[in-house]
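Beneath this line is the structure, given in structure tokens, with notes to follow.
Every number in this text was worked out from the coordinates using simple rules, so none of it is lab data. What you see is a predicted model, and the numbers here were worked out from it, not measured in a lab. Neighbour counts run over all protein chains shown; Cβ positions are idealised from the backbone, glycine included.
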């Protein structure tokens, strides 16, 4: 279930964060989203929280949950899959 | 219609510095007029600590960015600034020379560093709370709103222990994230009044030309005249940055293309958030 969400989540990241010149294929599903990976920050994280809620009706209630959810594309996909059950 | 946006102090330096002649020229200006080398990260002994270095690095990166855009033939129709972005913005608008912009930034930064030798201050970055609960947190801990960047991105400023306590309460109140950063002085708060006599003299040492490009200020979104510059630089040290209001005013003025001139992309990200919220309402 969550595997099928990998590509849509990558596209959600690109669209929500308006990342130019980056395709889904350029994003490693397991790379960290913050710091050395995609280099996202807390401004981006809140943008992704809102985008996930709008697209999938899934909430990230607090920073502690966010830290786990936004570890990678795969962890985002897993969170969405889990919340949609 | 485009706008050059000049950001404030970066939180860190980039891993990669430019290597071209334009950058080398800016580095030399910074060495000569600000007493700091953005390449070796060395400054005048004992006077160029972490925050002063970052402030000057930020100004240098903005001056370099403006030079690059000019070389490409990109000229701003209007200029906006955020916090310490004012100094590079002044140079971009022809109000002062690049040398003076660096020198003013250096003198302001070093004055703030001296303020930080006797007391400990911090900034608190709060993401996710709305304004109302944020102001309650600020009031509860005796700290101040320093930046209103969007309706969910704020910076508080004040004494370090109070900021740290405010960050804990912000998280407990539902903030998505709340982090504190040590700083030299409580920028954009009334506490900065203590530096006003000294900085009034600093700003009086320079001549300010009329901006050749309209320059919007971040306090009340009016366009600055040459005669208003020195007073604005004093006022902005003790009043919060109103970035969301600035962005909306620029949009209303017809700006549809924003270029962030300097290191980082935080202003672009704030703009992105404001746009996304506007499209939802």
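Scoring B:207-213, B:262-268 by mean Cβ neighbours within 10 Å over their residues and listing the highest first yields B:262-268, B:207-213.
Counting Cβ atoms of other protein chains within 10 Å of each residue's Cβ and taking the mean over peptide B:223-231 gives 0.
Post the alpha-carbon centroid distance, segment A:3-28 to segment B:75-97, in whole angstrom. Distance between centres, Cα-based: 35 Å. The mean number of Cβ atoms from other chains found within 10 Å of a Cβ in peptide A:37-43 is 5, as a whole number. Here the label points at residue B:32 and residue A:62, each 7 Å from Cα along the C-beta direction, are separated by 5.7 nm in the simple model.
The value of relative contact order for chain A, using C-alpha pairs under 8 Å at least six residues apart, is 39 percent. Placing pseudo-labels 7 Å out from each Cα toward the beta carbon at residue B:225 and residue B:97 gives an inter-label distance of 2.6 nm. Taking the square roots of 5 times each eigenvalue of the Cα gyration tensor of the protein assembly as shown, largest first, gives ellipsoid semi-axes of 35, 24, 20 Å. Each peptide in A:56-69, B:180-193 receives the mean, over its residues, of other Cβ atoms within 10 Å, and ordering these scores from highest gives B:180-193, A:56-69. The listed peptides B:220-230, B:234-244, ordered by packing as a protection proxy, come out as B:234-244, B:220-230 (highest mean of other Cβ atoms within 10 Å first). Between residue B:268 and residue A:15, the simple spin-label model (points 7 angstrom out along Cα→Cβ) gives 2.1 nm. If R0 is 22 Å, the Cβ-Cβ spacing of residue A:2 and residue A:54 corresponds to a FRET efficiency of close to 0.70. For the peptide A:57-67, the mean number of other protein chain Cβ atoms found within 10 angstrom of a residue's Cβ is 2. Reported value for segment B:121-183: 57 Å³ per residue, from the convex hull of its C-alpha atoms. Give me the log10 of I(q) over I(0) for segment A:15-84 at q = 0.11, 0.14, 0.27 Å⁻¹, as the Debye formula computes it from C-alpha points; what are the numbers? Evaluating at q = 0.11, 0.14, 0.27 Å⁻¹ gives log10 I(q)/I(0) of -0.24, -0.39, -1.53.
Every helix of 4 or more DSSP H residues in chain B counts as -39500 (n - 2.57), and over all residues that averages to -14500 deg cm²/dmol at 222 nm.
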